[in-house]
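Trainee: Okay, handing you the structure first.
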Amino acid sequence: MNTLERRVTDALHEQVDELPISTKDLAQLQRELHRRARGPELRDRRWVGSRPWQLVVAACAVTGVVLGVLSLRSDPEPPKLPAGPGPITLTELAGVWKVQDPDNPWLWIFGADGTLTHSDGPDVPLTPVEGTAWTVTPVSGGFQTVNDTARWRTGDGVTGAGACIVTWGATLSTEGRMQGTVKQAGPTCQLQPSDEVWEWIRISPASIAGTNLSPHGAITNEEILTGTTKLFGTWLLKGTGKVLAVQPSATGPGREQAQYTLYDFGVAAEPETGTVRWQTDGWTFVLTPDQGTCSAVYEKAAYRTSTMVATLAVGSCARLGGAIDTWIRLN
């Protein structure tokens, strides 16, 4: 029985259940109404004028069932349309995302509280904090970013000021990838609606895409690290969600010492901060946390600009990854 016939049968039973009619006559009426629903020309003439048929027609006429049955042929049930994409939640966004573009050094840091920070260097903390200029709100099919104090310089040299609101249409994959396009943007925004597709990879908390991230940028001839200067930048420990930001020491950009912050979103509630020291008596450099005395000691590091392979020293108190760690430069 198809959908149309099922609807006809239900309507028929609603009208005749209280009438004195036999089961055989009811079955014949049901067949007759199915014929009428498919086409009046298929009606069985034998039923015209009979008492059961008159009773049913009288009952059906009161509620318009006969006319309704005939109209069912041209009024099929509407097809079920898939629901539109829902918003991307703040929980799904929370973490550090790398723009998947070898020439784009920016990291996007989404907080679970709706904060948004952009960083293109190790001097911008990756821990989201309240009061940041940018905030995020989930909207249907993506999310919206808002900056209440935006100042942008456009390509023609015009400076815009005022709130910048950008609406992104975006999708997430289970592997930790996100694609988005700018759907709407205010006049003071540097970004404007276009068909350009942005792509991000979540690097922390760790995702499948993030742990398989390949290095981008220049790959120079291998050299042994002989100082902290070339460590300046933001690095991802390959295969993990650990992000290391190294910048000059507050006391000066000395070759032998720098500051570091180690993030591991989804694992560590707070980042680890400390000092990076390069030992002038050899190729060893040490990461000593501000809290505690257990340092990670690497006996050497092979540096190639966009990557660094560091070998853990025998007897090192702390271990950030394995015996040999590969770090990928993010910016």
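The values are calculated or read from the model by the stated rules, or taken from the named source; none is laboratory data. For clarity, every value in this text was computed on a predicted model and none was experimentally measured. No Cβ is skipped: glycine too gets one built from the backbone with ideal geometry, and neighbour counts run over all protein chains shown. Just so you know, the surface numbers come from the protein's heavy atoms only, side chains and all, with ligands and any DNA or RNA stripped out. Shrake-Rupley method; radii C 1.70, N 1.55, O 1.52, S 1.80 Å.
Trainee: Spin-label point model (7 Å from Cα, Cβ direction): what's the GLU270 to GLU256 distance in nm?
Mentor: According to this spin-label approximation, the distance is 3.0 nm.
Trainee: Tell me, what % of the accessible area of the stretch 223-329 is carbon and sulfur with a 1.4 angstrom probe? Intermediate values should be presented prior to the final figure.
Mentor: Working: 2590 of 4910 Å².
Ligands and nucleic acids excluded, carbon and sulfur reach 53 percent.
Trainee: Something else now. Let me make sure I get this right: for the stretch 223-329, a, b and c are the square roots of the gyration tensor eigenvalues over alpha carbons, sorted descending. Under 1.5 in a/c it's rounded, otherwise prolate if a/b > b/c, else oblate. Which is it? Could you put the intermediate results ahead of the total?
Mentor: On the way: a/c = 1.27, a/b = 1.15, b/c = 1.11.
Rounded is the answer for the stretch 223-329, as its axis ratio a/c remains below 1.5.
Trainee: For the charge dipole of the stretch 271-328, defined by +1 on Lys and Arg C-beta atoms and -1 on Asp and Glu C-beta atoms about the Cα centroid, which residue among LEU287, ILE324, THR273 has the Cα displaced farthest towards the positive pole?
Mentor: ILE324
Trainee: Report the charge-dipole magnitude of the stretch 223-329 in Debye, nearest 20, computed about the Cα centre from +1 at each Lys and Arg Cβ and -1 at each Asp and Glu Cβ. Kindly include the intermediate steps, with their values, before the conclusion.
Mentor: Working: 9 positive and 9 negative charges, 65 e Å.
About 320 debye.
Trainee: Hey, how many Å between the Cα centroid of the stretch 288-320 and the Cα centroid of the stretch 164-234?
Mentor: 26 Å
Trainee: How many nm is it between the label spots at ARG319 and GLN179, if each spot is 7 Å from the Cα in line with the beta carbon?
Mentor: Those two pseudo-labels are separated by 4.0 nm.
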